[in-house]
1. Need the failing condition index for A:VAL177 against (1) in contact (Cβ under 8 Å) with a residue 40 or more places away in the chain; (2) in a loop (DSSP other than H, G, I, E, B); (3) under 23 Å from A:ILE60 (Cα atoms), just the number.
2. Within region B:264-292, which residues are part of a loop (DSSP other than H, G, I, E, B), at negative phi and not polar (S, T, N, Q)?
3. In region A:216-229, is there at least one residue being in a helix (DSSP H, G or I) and either within 13 Å of chain B (Cβ to nearest Cβ) or open to solvent by 10 Å² or more (accessible area, probe 1.4 Å) (or both)?
4. Check B:ARG178, B:ARG147, B:ARG190 and return the single one that is open to solvent by 10 Å² or more (accessible area, probe 1.4 Å), touching a strand residue (DSSP E or B) at 6+ places or on another chain (Cβ under 8 Å) and under 18 Å from B:GLU219 (Cβ atoms).
5. Within the set of pairs 6 or more residues apart or between chains, which connect a residue that is more than 7 Å from chain B (Cβ to nearest Cβ) inside region A:320-348 to a residue that is of a type in the set (Phe, Trp, Tyr) with Cβ atoms less than 7 Å apart?
6. Among A:CYS311, A:CYS281, A:CYS294, A:CYS287, which is outside any loop (DSSP other than H, G, I, E, B) and farther than 30 Å from B:MET284 by Cβ?
7. Consider A:LEU192 carefully, then state whether it is in a loop (DSSP other than H, G, I, E, B), within 11 Å of chain B (Cβ to nearest Cβ), within 17 Å of the chain's Cα centre (by Cα) and under 30 Å from B:LEU201 (Cβ atoms).
8. If I filter region A:230-239 for residues that are touching a strand residue (DSSP E or B) at 6+ places or on another chain (Cβ under 8 Å), open to solvent by 40 Å² or more (accessible area, probe 1.4 Å) and not in a loop (DSSP other than H, G, I, E, B), do I get at least one hit?
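The values are calculated or read from the model by the stated rules, or taken from the named source; none is laboratory data. The shown structure was predicted, so the numbers you read here are calculated from the model rather than taken from an experiment. FYI the Cβ positions are ideal-geometry reconstructions off the backbone, even for glycines, and counts take in every protein chain you see. To get the accessible areas, we keep the full protein, side chains included, count just its heavy atoms, and leave off ligands, DNA and RNA. Shrake-Rupley method; radii C 1.70, N 1.55, O 1.52, S 1.80 Å.
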Amino acid sequence: MTAPLLELRGIRKEFNLARGFFASKRILTALDGIDLAVGQGETLALVGESGCGKSTLGRIVAGLLPATVGTILFDGDQPGRGKARARQIQIVMQDPFGALNPKMSVGELIAEPALLHGLATRRTAPARVAELLRLVGLPEGVAQRYPHALSGGQRQRVAIARALATDPKLIVADEAVSALDVSVQAQIANLLKEIQARTGVSLLFISHGLSLVHHISDRVAVMYLGRIVEEGPAADLFARPRHPYTRALISATPEPVPGAAPDRLALTGEVPSPLALPTGCRFRTRCPHATKLCAEVDPPLTGEGPVRVACHLADSLPTYHVQKPRPAARLQSAIDLYRAAAAAQTAA
Amino acid sequence: MKHMPQDTMLTTDITRPDPLLVAQGLTVTFATDQGPLRALDAVDLTLAPGETLAVVGESGSGKSVLSLALMGLLPGTARIEADSLTFEGRDLTAITERDFRALRGTGMSMIFQEPATALNPVRRIGDQIVEAIRLHEDIPVRKARTRAIEALAATGIPAPAERAEAFPHQLSGGMRQRALIAMALVHRPRLLIADEPTTALDVTVQAQILDLIRDLARETGTATLFITHDMGVVAEMADRVAVLYAGRLVETAPSAALFSSPEHPYTVGLLGSMPQMNARGEPMLPIQGTVPDPRVMPPGCHFHPRCPFAAGACLTDRPALRQVRPGQMSACHNAPLIETLGGAT
Amino acid sequence: MMSDMSMTEVAAGSAGRTWRRMRANPTMLIAVTVLLAVLLFALIGPMISPYDPYETALRMRLKPPSAAHWLGTDSQGRDLATRLMYGARTTLMLGLAGVTFAALVGGTIGLLAAFYSRLDNPLMRLVDVMLSFPSILFGLSLAAMMGPGLDSLILAIGLSIMPGIARISRGAALSVMAQDYIDGGRVIGLPDRTLMSRYLLANAYAPILTYTTLAFGDAVLLAAALGFLGLGLQPPTAELGSIAAEGRSFLFIAPHVSFAASALIFLIVLPVNMLGDALRDAADRRAS
C-alpha cells in the first residue's frame, strides 16, 4: 500500500455526561486508542454494534467532532478546518429524512457547496447540478423539487450528489444505506462503488450490516466498545475471522438459506455500559473463551500478516472457517435470469 | 413444527379442518385528505395452529397494516372488508369490541419493533405483567406476581425478580423485547404476531431474540405471524412465507420452496439484492425504481414498473394468485419463471 | 436569488394550507373578522372622523351616546369614538413596536443560545432572571426607572415579553439543531452566519412566529396597563389605557368612557390570543 490518504493515530474521544454547573464529571470514553489508515481509492468498512463508537469515529474524521487525544493525518498532513476540510472529506449520513435542509430545493442543495467553494458560478451552477444529478442517477427535473417530495433512496442520492459537489478525496458513509428498503440498499451501494470507480474517491463505510460490508469493502475494521478488535482485508477477515467477537458477529448474521442457522456461536449477555468498562479485555464478559489473563491484561491490536487482532487467544483458538451456504441452483438461475433481463432493460 | 400445511385454502380445508386463522379477500382502506388509500388489497392468508408464517415486505407493502387489522387495532379511519376473516372459527369482522379485547392477550398477542413504545414508561416491568395477567385471569396479585417472574425467567432474563422491579428505561433494548415477549406469552395465546421484533436490535442480540421466539412458540404451541423485511430472518424462522408488495400478496410458499425456487420476480429481486447472493466486488443486483405511491398505484401488476420481465398483460391485467406447484402460489403472469422465461433469453 | 425564491414558494404553500384550515375553523374566522374590524377602526377611523381628538369642549363634557357622538364624549368634552380611534392606533402601535423589539432580541438570544452551546448557560440564566419577574411588574419598574416617553415605553414592553420569546426560540432552534442537516451544512464548510440563517432560522421560525403572535396580545395589554397606571404616554395623547383611567373618576356618572375603552382592549387581545392558539394548533397538526 502506498502512503495512506487518511491516517488516524491513537484517537481517543471522551464525552463529559455531567450537566450543569455543579455536577461532578462523568466521563464516557467512546473511543480509545484507535489506529487506522484508509488508502487512496480504498473502501474501509467500520463495523460493530450500537455503542461501539463507529459513528463517533466517522464524525471525528469528517471534522464534526474534535478528538480528545490523537493525531489525524490527511495526505500526510494535518487536515484542514472548515472550508478546507470540506474539500477533502465529505459525509453521507444515515437518515435520508433528516439529512437535507427541507427548506431548500434539490438544485439549491447541490449547488450550495459548489458555489461556496467557487467550483461553480451562478451561471454555471445549473449545469453542474445537472451533471451531478446524472452522476447519481437522478433525472434533471428533480432539481426543482424539495426533499419531502422524494423517496428515501432518492434523498440519499441527493445527499451523495451534494457530498460529491466539493470533489472530496474521502467520503464517510455513515450507515448510508441502513435506513433504506432492502431493494433500494443495493442501488445505493452500487452507486457508491460506481462513483468510486469513476472518481477514485476513498470510502469510509460505516455499517452494522456485515453481509453488505463483506460485499463492498476492501478492508474491514471490527469495533467493540470503543476499540478496534480486528482489522484486515475483507476477504481474509470474512473467510477466517480470528477474534471471537468477529466470529460471533459473522455467525449471528442470518443467511437467506433455510436450515443454515442452528450451530451458531451464540453470545450471551449484552454490551456492557461504556461508563463501567470491564478490566482487561473489553469483550471478556461475553467471550466464551475468556481466561484469567483476559480479565487482567488489555490485549493490544497486533499481527504480522495483513490481519491485526486484539485477542490473547488469537493464536491458540482453533481456526474458524466460515462456510457460507450456497443458494439453491434453481434460485441462482432465477436470479441470473433477473439480472440478464434487468441488464437488457438498462441497455435499451 | 415439521409438518408443512398444504397452503392453499382449498387443500388446507381438506388436510386441516380447523386452521387457526383464515383471511380471504382482506382489504383495508384508509380515508385520507387526498381520498381513499388502499393499504391492503384482497389478501388471502391461512395460518395453521403452531405454524410460523413469515410475512415479508418493504415499506408500503401493507405488512404492518395486516398485523394491526388482525389484532383489531386499526384506527377509525380504516375500513376493513373481507370475504372471510376468522380466528378459531370466529368471525372477526362481526365480533364486538368487548369480545375482541378479551381475545387480545389470551387468544392472540403482539410484539413490536420498538418495545419501548409498547411498554408504559412510568410503571415497573413486573407490575405491567401482573396487570396483563389479572386483566384476563381472576387471581390474587401475589400469585400473578410469581407468574410474572416465571414468565420473565422463561425469556432468559437474568435475575428476573430484580428486573421485575425495573422501569422500562432501565433495561436495554434486548431486555425490553424479552419483557414484552414475556408479557405477550403470559396467557399462552394461540397466535403471536411479531412485527419486526428484531429490526431495532443489534445482530448478536437479534440472534438471541430469534432463538427465544422460536423456542417459546414451539414450547407453547403458539402459531407465529412473523413480519419482517429481512430474508435472512425469514429463512431462519419461517415454516411458510407470504410476500407482500404494494398491498397485494404476490407469492406464498413453504420456506424451503421459496428459497430454492422463488416464482415471483419481486421475490427473486428481494433475494438477488441481498449481498450474500452477489459475487464480491461485482455490482449487486438491485430492484430498479421505488415502491409506488399508494395513491397512484400502477395498473395491471403492481410490480410491473420495476419488473425486468414485464410485458404485455403485466401492464394491464392484475395477475391472480395461482398455484405453481403444490403449496406454492405466485401472482405473476410469467410463473413458473424459469420454464416461461428461460427459453426466451 | 435562488433561495429567496424558494422561501416565498414554501411560505405561499403553507399560507394556502393555513387559510384552508382557517376556513374550516369558525373561531378562527370570528377572531380574524373582529381583529380586522378593530384595525379598520384604528387606521381608517381617524381619517374619516369629523372630530379633533384633542380639542376640548367643556360644555359637552361626559355626554352619553347620541347621533352626533356615537359613543358620547369624555370628561373634556371630546368625541369618545374619535379618542378611541386614535387611542387604539397608539396602543396597537406600542404593542407592535414592543413585540417586534422583543422578537428581534429574544429570537436572536434564543438562536444564539441554541447554536453556540457555550452561550447557552449564560444567556438562558439571564433570561430566567428576567422571566422570574411578572411582566407587568417588570414593565412598571422599567417605565418608572426610565421615565415616560415613547422609547422607554417600547423598551419596557419589549423587554418584559422578550424572555418568553427567547425561551421559545431556543427550544425551536434546539430541535432544529438536533437534525442531521445542520451537520450536513457544517460538513460542506458553510460559515456560521449562513448556517444560522439558511438552515437554523429557516426551519425554526414557524413556532417563534406563532408565539410572537400570542405575545402581541400581551404587549397590547401591557401597553394599556402602563397607560392606565399613568406610566404610559402622557396626556393629552390618546391611548386606550389612559382613556380607561380617565373615565374611572366618573365611573358612576358616565360609565361609557371606561367601558368603551376596556371593551376595545378586550376586542384586540382576545382575537389575537384566539388566533395564536389556532396557529399553534395548525402547526401541531402539521407536525403530527
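1. The one condition A:VAL177 does not meet is (1).
2. First, the residues of region B:264-292 that are part of a loop (DSSP other than H, G, I, E, B): B:264, B:273-274, B:278-292.
Those still in the list that are at negative phi too: B:264, B:273-274, B:278-280, B:282-288, B:290-292.
Across region B:264-292, the qualifying residues are B:HIS264, B:MET274, B:ALA279, B:ARG280, B:GLU282, B:PRO283, B:MET284, B:LEU285, B:PRO286, B:ILE287, B:VAL291, B:PRO292.
3. To start, the set of residues in region A:216-229 that are in a helix (DSSP H, G or I) comprises A:216.
Applying the additional criterion that residues be either within 13 Å of chain B (Cβ to nearest Cβ) or open to solvent by 10 Å² or more (accessible area, probe 1.4 Å) (or both) yields A:216.
Checking region A:216-229: at least one residue is in a helix (DSSP H, G or I) and either within 13 Å of chain B (Cβ to nearest Cβ) or open to solvent by 10 Å² or more (accessible area, probe 1.4 Å) (or both).
4. Details: B:ARG178 fails: touching a strand residue (DSSP E or B) at 6+ places or on another chain (Cβ under 8 Å); B:ARG147 fails: touching a strand residue (DSSP E or B) at 6+ places or on another chain (Cβ under 8 Å).
The conditions single out B:ARG190.
5. A:VAL322/A:PHE238
6. Values: A:CYS311 fails: outside any loop (DSSP other than H, G, I, E, B); A:CYS281 fails: outside any loop (DSSP other than H, G, I, E, B); A:CYS287 fails: outside any loop (DSSP other than H, G, I, E, B).
Going through A:CYS311, A:CYS281, A:CYS294, A:CYS287 in turn, just one is outside any loop (DSSP other than H, G, I, E, B) and farther than 30 Å from B:MET284 by Cβ: A:CYS294.
7. Details: in a loop (DSSP other than H, G, I, E, B): no; within 11 Å of chain B (Cβ to nearest Cβ): yes; within 17 Å of the chain's Cα centre (by Cα): yes; under 30 Å from B:LEU201 (Cβ atoms): yes.
Considered against the rule, which asks whether it is in a loop (DSSP other than H, G, I, E, B), within 11 Å of chain B (Cβ to nearest Cβ), within 17 Å of the chain's Cα centre (by Cα) and under 30 Å from B:LEU201 (Cβ atoms), A:LEU192 comes out as no.
8. no
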